[in-house]
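What follows is a short report on a single structure.
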Amino acid sequence: MLFCLGSPPTSTEGAKRRLLLYQHCIPLCESGDLQTEVASDIIGLLMLETHTLSGPSLAQLATLFVDAIKVGKMGNGKSLELFPTVLTALAACEALSYGKGELSGEEYKKQLINSLCSSRWDPQCVIHLTTMFRDVPLSPEELQFLVEKVQRMFIKLDLQEIPPLVYQLLLLSAKGCKKLVLDGIISYFKEQDLSQEEEQKHGESLDLEVQSIPQDQLRHVEGTVILHIVFAIRLDHELGREFLKSFKTSHGDLCPFSVALLLSVARIQRYEEQVFDLLKGAIIKSYKDELLQQGSKFLQDLIPGHCSVAQMLIDTVKNSVFGWDHVTQGLVQLGFYLMDTFGPKPGPFGKTAEGSATVARTPTQQACKLGGQVLLQGFKIHEPLRGEILEQVLNRLVTKTASPVSHYLDLFSDIVVSAPMILLESSSKVTETFDYLSYLPLATVQGLLKAVQPLLKVSMSLKDALILVLRKAMFSSQLDGRKSAVTGFLLLLKNFKVLGSLASSQCSQSISSSQIQVDVHSRYNSAANEAFCLEILSSLRRCLSQQADVRLMLYEGFYDVLRRNSQLASSIMQTLLSQLKRYYEPEQDLLPPIKLEPCITAHRDQIYLQEPLAHLVSCTIHCLLWLQNTQRSCNLDNSDDEEEENEGYQSELQTILDSITRRMIKSELEDFELDKSAEFSMGSTVGVKNNIYAVLVMGVYEVLMEYNFIKANYSKSGFEEVMELFTRYHKISEILKEKSGKGRAPSHKTPRSLLSLGFISTLLEVVSRDNTQSREEALSVLRTNGEFVRYSLCVAVQKIQQLEETGQTDGPDGMNTDKTFRFLRDMTSVLMWRYIKIPSVVEDAGKKEKRSSLSHLCLEGLLRIFTTCQQRYSDKMAQLLFSATEISDKDEEPEDDNATTFFYIRQFQRALFIQLNGREEEFNSKEAQLLVSILSVLSRQLNPSSQQFVQMIKWAVQICQDTSFEDSAFTKGMLSLLFSLHVLFRSPVSLLLELCQDIHSQLGDIDQVHRVVNSCTKDRFGIVQTRLLVLSQVDRVLDEVDWLIARKKNQGTSDKSGEATQTTGQQDPVEKAVTLQLGTLLTALNELVQTALLPGTCTITLLRQLSRTYTILTTLVKYYIQVCSSQNGTLPARFEKLVKLSGSHLTPQCYSFITYAQVHFSFLLQSTPELCVFRKDNSIYSKLLREMKVIPNLIFSIEQYEKYLITLSKKSKVNLMQYMKLSTSRDFRINAATLDAALQEQDDSQQTTASQDEEEEAQEPKQKKRKQ
């Protein structure tokens, strides 16, 4: 300080000494020889005197700093605190010498900054320089230059230096360039994540020296950077708005790091809703884009890769294990947000549709599933989150009683299976949930109890709590509460094995103890379970005196309990026997053998079913047959007492069943108080009672048929008894069908069959193709009864339909997925054989019609099997198809899955060919539609790149060309199949053009003077009557084009340099594809607008499609305006041709078509007088007026297109409007003929008016004499 006082800046020597002092102190402070406090004091003193330095001194001092930075002598960075003060003082100077001239201080400062940012920086001084520039006034251009320079230095810095540098950059962003700062940070970590991913994929092939950064180190740094950014956003809300805005415009910029950053920002309350909405939109858009690409070969070839936001989210969950506590809370919120938003919705009238879960196919289903995956992974990885996740899941199960909760049940089940011991720590929450069981929907109770089974096996307290709740529920005043109790007790019986029961492999347990890797305490052994199970059985016996629904659940569950807990056989069978005796008539001479009156009850003049007798008999029979089969096959070492006991109730049951069978055959309708003339309407108590009786008797006949069929063991006498039972069943069934059709539209819906799926599978085999010589005589008894064969096929279709809709069927093994698939496989083989082989058998004419009906049933069954398998057993479809290949010729053995599928396809193609080659009056439309539907389902199994798929397309085209039957339903199905195949092979626009040409040639031109000239005199596609389907494909093509244009626009906004290839000559492949698609589409539409379509839905749809086409063209024009604005590029030649095509060909024809449509609509209104009389009240008139609004919408779309073409012409310096003709749709159009007619009408009306006036004048004096 004294030195400065002795060196006044006004004198030359003083100024030199001051400069010399600065020049020596700056390196001294950078050397590190001084203590930090001393160096800080020196810099502070120098800053105070900087303003006294002269301009040249400041320039020299600034140059000193710049040179030191360039050579890397600013490693300490302490003296850089002085540099902003020097630059500020320098900017205040009026003139400074620069080279041979002079510059102002401000310009001199800009030159220094440019020189500094353009030079090479030592990585050690990057952070110090960034800190220093915070105090330097910078223009927007300089700030952008500086930020880009710093971001380029990221890759040269050590990873640990990135967080402090990011912190300084965020502080620097207060000056501006917020988006640039955030984009640079995110891009850097995105590249690092990609390199990490590549290393993990090819880790074995890479040398250790090549590996860049340890994964855990990178994740910790990312976590720190995320904290810095979130802290900055809390302080600067403009930075937060800029951050969210960048992702709203383009979801393609998302990556695991940016997803984690968004979830951290969601912790700020003001951004929470925006972030979750943004992520929700990105996830749904990602799934929709993926679905669109999967369904279009055109898009797959054009854009092979797909950026999955869902995978990014899963990666974020995995990365959060490295201490990202600030991200985990957002993950939990997002998971529940997705499940709440996209979960299954309640059905009509608030009913919950809780069918068995199928594969997630739609974007909403996939988004819901993703939410569950996020929560499950978070539960596994993060211990602090477990309690919250579990609590929220259980709360939703309890509170969302009006909505389906199957997705939450699946999540809870996965949590239990993955971490049962962790859940035991929170057993109090599960116990608390048990208290609400009696108030929850039955489906929720079933799913919840099934999910907690593994926990019950290892927790006595949890099991005791559940039993206490179930006992209370057993006496609930609500029916659902009692049904829940039965469900819970049955599940417990199925999963707590008694000592001596069969092995779980024989029982096919769905929940085995292997699902939990824990040591089961000694007091939970099998021996201790026996008393527990017997106690439950005693509780369940009380259900036998409750409502029919409760009893029904019990009967349906006993079989599974017995199969999994065979030691309970004695108790279960005794229970069933005693219950059956209550409704069994022991007197052998009395008919009928069952008492129907105790099966019903009355309440307030209403008749209700009290005992589902048929289900009781069915349960008894199936349990008895299973026990007999088990004893024969397993040869269990029972004691003599047990054998005697078993033989006791088994022989008694057999005697009762034999007696019931014998007497049911002898019984007539009158014995059951039923008669052909009796009342069966559901509107009276008598009719309800008769209906209940009829259904009960039919059910008993059915289960007796199954029992006696198995018992007969292919004996002729036994099958004759089966036929006797069926005859009586059929008689009652026909009466119900006849009565249900009276007074209303005929309804032939029969009650759900009680035959088991396994028996139906066996029965189909027996009545169709069992060729065993020893059984031939017995089987002829069944096969000669045509009604029985049809009945077996109808029941098979009914069971398959139930499986398709709910995922399970009634009866034994109906919930066992492995067995149901095996039954489906067997039925597929039989139905396929029957459909192909039976028509070739020569039969008399009297059975021909019935055989056709049976063929229809076979096809319906096959279609439902294939659809069910695709939905619920998608990974086993090839196995299902392979099962029936034995019907092929020996030289047609399939080689792979494609060949197996194509074998089936060939069989159905032949059947359809036979249908189409017959006479038109013999054409069976319903059967042909079923064949097309089956071909459509099977074609999805073919690989689109395989030769078989190409052959399938050629066949479909040939059928469409050669078919001339005017059957709209078949036509629609065939065209749908053709388009669905074509879109997976190549773009369907060429096919669309051919179809439009054929429609034009078939329907004629709107100008009848001109005939349609077609190079092909023969109609290339004979089934072109379904115009609406063709127009729907136009919509699909427009969807793809619109998606591509939007994708290009987003890429253009995020990467300005991405379009540079246009200026060099080669057009972008996406733009080229869009132009070609639209060009072909415009040509196709040009054919349609010249076609004389009848006024109606088809015309309105075409006008809408034209309007949308011009809207898409306008979007494309806007895209090229954006390209021309961002760079001086030339328009592609193909685009100019497209504009020419639209202007010179399509637009004039559109105006002609508009005139044509208006004339026809006017004619339609005038030709319907009643419309004109009641215009205000007539709904048809209002509908026509609404539909005619599409015309002004189309004109507006055309004018908007031309408006933006004018703008593009100015931007690109290309006259695109030379191809456009002046629009006249808004002008007054004078039609000479119409004008002459109007003038003539006016003259006639004037003459009439004149004559009337003369008459009035003649009568006027008389009127004046009249007194008023």
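So how many residues does the stretch 305-325 have that are surrounded by fewer than 18 Cβ atoms within 10 Å (Cβ to Cβ), assigned to a helix (DSSP H, G or I) and not charged (D, E, K, R)?
Summing the residues that are surrounded by fewer than 18 Cβ atoms within 10 Å (Cβ to Cβ), assigned to a helix (DSSP H, G or I) and not charged (D, E, K, R) in the stretch 305-325 gives 2.
Please verify whether THR1111 is among the hydroxyl-bearing types (Ser, Thr, Tyr) and modelled with pLDDT of 90 or more, treating the condition exactly as stated.
The answer is yes for THR1111.
For the stretch 1184-1242, give me each residue that is at pLDDT 70 or above, over 45 Å from the mean Cα position of the chain (by Cα) and either in a loop (DSSP other than H, G, I, E, B) or among the small types (Gly, Ala, Ser) (or both).
Passing the criteria: LYS1213, VAL1214, ASN1215, LYS1221, ALA1237.
Looking at the stretch 662-684, can you tell me whether even one residue there is assigned to a helix (DSSP H, G or I) and among the hydroxyl-bearing types (Ser, Thr, Tyr)?
no
Every residue in the stretch 960-1000 that is under 15 Å from PHE949 (Cα atoms) and not hydroxyl-bearing (Ser, Thr, Tyr), please.
LEU977, LEU978, PHE979, LEU981, HIS982, VAL983, LEU984, PHE985, ARG986
Check LEU239, LEU146 and return the single one that is touching a Leu at 6+ places or on another chain (Cβ under 8 Å), modelled with pLDDT of 85 or more, more than 27 Å from VAL275 (Cα to Cα) and not polar (S, T, N, Q).
Checking each option against the conditions leaves just LEU146.
Could you check, for the stretch 92-105, whether at least one of its residues is in a helix (DSSP H, G or I), at pLDDT below 80 and crowded, with 17+ Cβ neighbours inside 10 Å?
Looking for residues that are in a helix (DSSP H, G or I), at pLDDT below 80 and crowded, with 17+ Cβ neighbours inside 10 Å, one finds at least one in the stretch 92-105, hence yes.
Which one of these is more than 29 Å from the chain's Cα centre (by Cα), modelled with pLDDT of 90 or more, open to solvent by 30 Å² or more (accessible area, probe 1.4 Å) and of a type in the set (D, E, K, R): LYS1118, LYS1056, LYS1018?
LYS1118
Can you tell me which of (1) over 26 Å from THR341 (Cβ atoms); (2) at pLDDT below 85 is the one ALA402 doesn't meet?
For ALA402, the exception is condition (1).
Would you call VAL688 among the aliphatic types (A, V, I, L, M), assigned to a helix (DSSP H, G or I) and touching a strand residue (DSSP E or B) at 6+ places or on another chain (Cβ under 8 Å)?
The answer is yes for VAL688.
Kindly indicate whether any position in the stretch 427-435 is modelled with pLDDT of 85 or more, aromatic (Phe, Trp, Tyr), under 30 Å from GLN546 (Cα atoms) and buried (at least 17 other Cβ atoms within 10 Å of the Cβ).
Yes, some residue in the stretch 427-435 is modelled with pLDDT of 85 or more, aromatic (Phe, Trp, Tyr), under 30 Å from GLN546 (Cα atoms) and buried (at least 17 other Cβ atoms within 10 Å of the Cβ).
Go over the candidates ARG834, ARG825, ARG783 one by one and state the one that is more than 24 Å from VAL703 (Cα to Cα), out of contact with any Gly (no Cβ under 6 Å at 6 or more places or on another chain) and either open to solvent by less than 50 Å² (accessible area, probe 1.4 Å) or at pLDDT 85 or above (or both).
Testing whether each residue is more than 24 Å from VAL703 (Cα to Cα), out of contact with any Gly (no Cβ under 6 Å at 6 or more places or on another chain) and either open to solvent by less than 50 Å² (accessible area, probe 1.4 Å) or at pLDDT 85 or above (or both) leaves just ARG834.
ALA443 fails exactly one of the following numbered conditions: (1) of a type outside the set (Phe, Trp, Tyr); (2) modelled with pLDDT under 85; (3) open to solvent by 20 Å² or more (accessible area, probe 1.4 Å). What is the number of that condition?
Checking ALA443 against (1) of a type outside the set (Phe, Trp, Tyr); (2) modelled with pLDDT under 85; (3) open to solvent by 20 Å² or more (accessible area, probe 1.4 Å), the one that fails is (2).
If we keep just the residues of the stretch 799-822 that are β-branched (Val, Ile, Thr) and touching a residue at least 60 places away in the same chain (Cβ under 8 Å), which is surrounded by the fewest Cβ atoms within 10 Å (Cβ to Cβ)?
It comes out as THR806.
Examine the stretch 984-1002 for a residue that is closer than 27 Å to LEU1044 by Cα, in contact with a strand residue (DSSP E or B) (Cβ under 9 Å, 6 or more places away or on another chain) and at pLDDT 85 or above, and state whether such a residue exists.
Among the residues of the stretch 984-1002, at least one is closer than 27 Å to LEU1044 by Cα, in contact with a strand residue (DSSP E or B) (Cβ under 9 Å, 6 or more places away or on another chain) and at pLDDT 85 or above, which makes the answer yes.
Can you tell me how many residues within the stretch 266-304 are in contact (Cβ under 8 Å) with a residue 60 or more places away in the chain and not in a helix (DSSP H, G or I)?
5
Of all residues in the stretch 118-145, count the ones that are over 15 Å from PRO84 (Cα atoms) and open to solvent by less than 20 Å² (accessible area, probe 1.4 Å).
Of the residues in the stretch 118-145, 4 are over 15 Å from PRO84 (Cα atoms) and open to solvent by less than 20 Å² (accessible area, probe 1.4 Å).
Does LYS1048 satisfy the condition of being modelled with pLDDT of 65 or more, of a type in the set (Lys, Arg) and either in contact with an Asp or Glu (Cβ under 7 Å, 6 or more places away or on another chain) or open to solvent by less than 30 Å² (accessible area, probe 1.4 Å) (or both)?
Against the criterion (modelled with pLDDT of 65 or more, of a type in the set (Lys, Arg) and either in contact with an Asp or Glu (Cβ under 7 Å, 6 or more places away or on another chain) or open to solvent by less than 30 Å² (accessible area, probe 1.4 Å) (or both)), LYS1048 qualifies.
Does the stretch 284-337 hold any residues that are of a type in the set (Gly, Ala, Ser), under 28 Å from ILE268 (Cα atoms) and out of contact with any Leu (no Cβ under 6 Å at 6 or more places or on another chain), and which are they?
Residues satisfying the conditions are SER286, SER308, SER320, GLY323.
The values are calculated or read from the model by the stated rules, or taken from the named source; none is laboratory data. Since the model is a prediction, treat every value here as computed from it, not as a measurement. For neighbour counting, all protein chains shown are included, and Cβ atoms are generated from backbone atoms with ideal geometry for every residue, glycine included. Ligands, DNA and RNA are stripped out before the accessible areas are found, and what is left, the full protein with its side chains, is counted by its heavy atoms. Shrake-Rupley method; radii C 1.70, N 1.55, O 1.52, S 1.80 Å.
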